[in-house]
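Report on one structure; see the data block that follows.
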Amino acid sequence: MWSEITKKLQETVQNIMPQVEAVIGWERGFNEIRIKPVVIKKEGDISKLVWNPFCVQNLSGYLVKSPAVIPREGRRVAICVKGCDSRSVTALIQEGFLKRDQIFIIGIPCSGTVDWRKVMKRLERSSVIHRAEIKDGRLMVEHAEGVEEIPLREILLRRCLRCVYPNPTVSDVVIGETVSPHIEKEDLYKDVEAFERKSLDERRKFWAETLSRCIRCYACRNACPLCICQDWCIAERRDPKWVTQKPTLKDILLFHGIHALHLAGRCTECGECERVCPMEIPVMFIKEKLNETTLRLFSYEAGIDSNLVPPLLTFNPHETGI
Amino acid sequence: MVARRKEKKSQNRIFIPLEGLNQTLENLSKHFTVWVPMPSGENEWSLEFKPLHRGCKILLDRQSTLPPKKVILPQGQTLIEYEYKKSESDPSKQDLVLREVIDESPIIVFGTRPCDVRGFLVCDKVFLQGRYIDVYYRARRLNTLFATLFCREADDACFCSSVGSGPADMEGSDIGITPIDGGWILEGLTDRASEIFSLCDCEAPDEKQIEDARRVQEEVRSMRVGNLRTDGVLEGVKGQFQNMELWRDIAESCLSCGVCTYVCPTCYCFTITDEPQGLRGERLRSWDSCMFYQYTQEASGHNPRPTKLERYRNRLGHKFSYFPLRYSGMIACCGCGRCIRSCPVSIDIRQGVERVREAHHGCVCS
């Protein structure tokens with residue numbers, strides 16, 4: 001199944017190659033469950049492209065973050081997107097970072113991507129992976145000390161288990177069959193609601209424990225396609241200085257608070273911030289709360305309609321309900 | 001009793017049974033701060049070194065996500081505390097009171113791997129050699145002992161044997177830990193080990209256990225982890241320095257985050273900031289990353305490494321070229337593979353090195 005979609009993807013790219021500057025997609029990484037982004041610039045490299053549930057990265061940041069591939073006049077940059085990634089592309093268009101006619105969007109319906117750490121947990125001691133294959137909703141891993149079969153659902157990323165937009169919301173071509181979401185839309189914020197029912201002490205304890213693991217590597221920030229301050233983030237600014245360099249909970253909380261607030265009403269819940277965290281801190285959860293609020297107050301979801309202006313990027317004196 | 005103690009003091013090997021590990025280390029923790037690898041959270045995959053506490057879950061069966069680097073080089077280390085006080089001699093003036101903070105408390109890091117310790121051997125060159133000795137680093141380094149595992153847990157990101165080390169490399173370690181059936185054999189490698197053993201309250205291993213350990217060590221010694229070739233890279237980085245197409249190929253997908261540098265046992269770069277709180281404050285040394293734009297931002301406004309391409313070139317170049325050129329050929333990479341495993345976009349430094357090597361040899365040949 002995956003090899004078929006990969007084949008179709010490569011054929012599609014072959015056809016559009018003459019009109020595009022480059023194609024941003026995924027290729028195999030250092031083993032079969034670790035896929036990495038690739039920028040294809042010549043026909044000879046098209047065979048590197050793959051698609052399977054290990055294609056975790058949201059590639060849309062590469063369209064805007066320096067040194068991005070900038071298309072020459074009259075040409076476009078092609079990008080492979082899953083459902084969640086397509087919302088980031090729309091959000092970037094909404095905010096004026098990207099022009100729709102500069103990009104060619106290859107949409108791929110996605111039934112969920114794999115959390116490699118969840119796979120490693122199941123392998124116990126051994127961790128050299130010889131082969132990995134996903135078939136009929138199960139992952140089969142051949143590793144140094146045997147074979148493990150795991151139902152796919154048990155190793156999906158948290159973001160995927162709560163995804164309601166598995167199909168690209170914007171695209172120039174779609175590869176693969178439409179898939180249905182894992183959850184109903186009304187359940188999108190049930191984790192947030194459940195968490196809010198906990199006492200203040202419990203919630204404080206949860207965040208104190210998880211955030212104290214943060215090493216401030218800023219992977220969450222840099223992986224976010226919409227964190228566009230990049231090199232001028234207040235987390236590292238010295239003058240004026242907003243956040244200290246102390247690795248204490250107070251400063252860590254301050255950074256994550258700022259990070260999340262800057263994404264209020266903009267975050268498309270692609271979950272990259274959480275996926276890339278080497279310390280497995282569920283940082284998207286903070287943004288989920290803000291999105292739940294945005295939805296309640298403004299009936300707005302980020303990255304769906306490129307004609308809308310995100311609520312906090314505009315000012316309407318007649319705004320009601322706040 | 002006295003006789004037994006005496007005998008224990010002279011022993012060079014002890015056996016710790018599986019179920020006795022926590023107790024043994026708790027005994028040690030009365031005299032030392034004992035750092036052990038344990039899960040970062042309840043259900044998390046990531047492991048990190050933390051000070052032992054009663055009942056904690058010690059995990060020795062795989063490499064930790066974060067190296068024990070912070071034991072010697074804390075992520076945030078107070079160098080000086082300062083306070084402005086009203087001057088006693090002249091009430092119209094303030095006195096500045098300074099206090100240097102040097103931590104000399106004794107530490108044991110238990111369950112390191114050869115790559116972890118190799119990281120400190122690299123850092124030693126920088127902090128302990130030459131004209132300037134770093135007193136903060138030295139204080140911690142001299143008071144820290146390492147009990148290191150003969151490592152059987154190499155995975156597909158490991159390549160320690162390719163960079164001058166190996167899974168049985170005990171250089172820099174004070175105690176070697178050999179996992180055998182039913183427990184671990186600890187073997188003294190430096191004079192400091194016997195003091196530890198006398199505090200452990202453990203039995204000496206029997207003949208069979210010694211034989212088992214010998215066999216495990218032999219097996220580990222015969223392993224070659226990784227097949228990276230580094231010949232030509234020393235000169236290659238210099239030769240390819242301006243070949244930005246090459247560096248774009250290698251680092252185009254880089255996110256410019258600090259994961260690789262923060263999980264790296266040999267990345268030692270730091271920044272120094274003053275962190276005031278009213279009339280008092282501290283001068284803080286904290287981890288910095290050459291992957292960050294601000295790292296090379298100059299006061300003039302110029303930045304010699306304006307994009308991730310120059311920054312990645314620096315990371316690879318520093319480890320495989322500039323550092324070995326300065327420190328008699330020592331590669332500033334311990335081959336632990338952490339940067340490969342934890343990279344959000346799976347950038348493989350081995351591949352980068354290989355590309356530089358190919359480009360270099362290509363140049364030489366043509």
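For segment B:134-268, the normalised intensity computed at q = 0.09, 0.15, 0.20 Å⁻¹ comes to -0.44, -0.97, -1.29 (log10 of I(q)/I(0), Debye sum over alpha carbons, equal scatterers, no solvent). In percent, rounded to a whole number, the relative contact order of chain B is 20, using alpha-carbon pairs under 8 Å and six or more apart. Residue B:327 sits with roughly 40 Å² accessible to a 1.4 Å probe, with DNA, RNA and ligands left out of the calculation. Here is the link list: A:36/A:65; A:289/B:50; A:198/B:50; A:250/A:287; A:198/A:289; A:42/A:82. Which ones come out longer than 21 Å on Cα distance? Those over the limit are A:289/B:50; A:198/B:50; A:42/A:82.
From the convex hull of the Cα coordinates of segment B:1-116, what is the mean projected area in square nanometres?
Working: hull surface 51.1 nm².
Average of the hull's projected areas for segment B:1-116 equals 12.8 nm².
Need one number for chain A: average projected area of the convex hull over its C-alpha atoms, nm².
On the way: hull surface 75.1 nm².
Mean shadow area of the hull around the Cα atoms is 18.8 nm².
Among the GluC sites (Glu not before Pro) within segment B:290-366, those in coil by DSSP and having at most 14 neighbouring Cβ atoms inside 10 Å are B:298. For segment A:45-167, the spread of Cα coordinates along the three principal axes comes to 54, 33, 25 Å, biggest extent given first. On the principal axes of its alpha carbon atoms, segment A:116-155 extends 24, 16, 12 Å, with the longest extent given first. Entry note: chain B has Rg to Rh equal to 1.02, where both radii use alpha-carbon atoms and Rh is the Kirkwood radius. Computed over chain B, the per-residue total of -39500 (n - 2.57) for DSSP H runs of n ≥ 4 gives a 222 nm mean residue ellipticity of -9500 deg cm²/dmol, rounded to 500.
Coupling constants for segment A:140-157 follow from the phi torsions by the Karplus curve (6.51 cos²θ - 1.76 cosθ + 1.60, θ = phi - 60°), and in residue order they are 10, 10, 9, 10, 3, 10, x, 10, 10, 10, 10, x, 4, 4, 6, 10, 6, 5 Hz; glycine and proline get x. Annotation: amide H of residue A:21 within the under-5 Å range of A:76, A:77, A:78, sequence separation 5 or more or interchain, hydrogens built in the peptide plane. In segment A:189-322, Cα pairs under 8 Å separated by at least six residues give a relative contact order of 26 percent.
Using a cutoff of 8 angstrom between alpha carbon atoms and counting only pairs six or more residues apart, the relative contact order for chain A works out to 16 percent.
Phi angles across segment A:54-66 convert, under the Karplus curve 6.51 cos²θ - 1.76 cosθ + 1.60 with θ = phi - 60°, into 3J(HN,Hα) values of 8, 7, 7, 6, 8, 8, 5, x, 5, 6, 10, 8, 5 Hz, Gly and Pro given as x. Against the empirical curve 2.2 N^0.38 Å, the C-alpha radius of gyration of segment A:140-250 lands at a ratio of 1.52.
May I ask for the accessible area buried between chains A and B, both sides summed, probe 1.4 Å, to the nearest 100 Å²?
Working: alone 16860 and 18560 Å², together 31050 Å².
Chains A and B together bury roughly 4400 Å² of accessible area.
Placing unit charges on the Cβ atoms only, positive for Lys and Arg and negative for Asp and Glu, gives the protein assembly as shown a dipole magnitude near 1040 debye about its Cα centre. Gyration tensor over the Cα atoms of segment A:189-322: the corresponding equivalent ellipsoid has semi-axes (square roots of 5 times the eigenvalues, largest first) of 25, 20, 14 Å. With the charge dipole of the protein assembly as shown set up from +1 on Lys and Arg Cβ and -1 on Asp and Glu Cβ about the Cα centre, the Cα lying farthest toward the positive end among the listed residues A:49, B:58, B:247 is that of B:247.
Once you charge only the Cβ atoms, +1 for Lys and Arg and -1 for Asp and Glu, what is the size of the charge dipole of chain A about its Cα centre, to the nearest 20 debye? Walk me through the numbers on the way to the answer.
Numbers: 48 positive and 44 negative charges, 176 e Å.
Rounded to the nearest 20 debye, it is 840 debye.
Based on every Cα atom in the protein assembly as shown, Rg and the maximum pairwise Cα distance Dmax equal 26.7, 89 Å. Ordering A:189, A:247, A:228 by the projection of their Cα atoms onto the charge dipole of segment A:172-264, which places +1 on the Cβ of Lys and Arg and -1 on the Cβ of Asp and Glu, puts A:247 at the extreme positive end.
Each principal axis of the Cα atoms in segment B:207-366 has its own extent, and those three values, largest first, are 64, 56, 32 angstrom.
Counting other C-beta atoms within 10 Å, and keeping those with at most 15, which DSSP coil GluC sites (Glu not before Pro) do you find in segment B:191-274?
On the way: sites: B:195, B:203, B:207, B:211, B:218, B:219, B:235, B:245, B:252; in loops: B:203, B:252.
Answer by residue number: B:203.
Using Cβ point charges alone (K and R +1, D and E -1), the dipole size of segment A:189-322 about the Cα centre works out to roughly 540 debye.
The values are calculated or read from the model by the stated rules, or taken from the named source; none is laboratory data. A quick note: this is a predicted structure, and the numbers were derived from the prediction, not measured. Glycine gets a Cβ as well: all are built from the backbone with ideal geometry, and neighbour counts include every protein chain shown. SASA here: full protein model, heavy atoms, side chains in, ligands and nucleic acids out. Shrake-Rupley method; radii C 1.70, N 1.55, O 1.52, S 1.80 Å.
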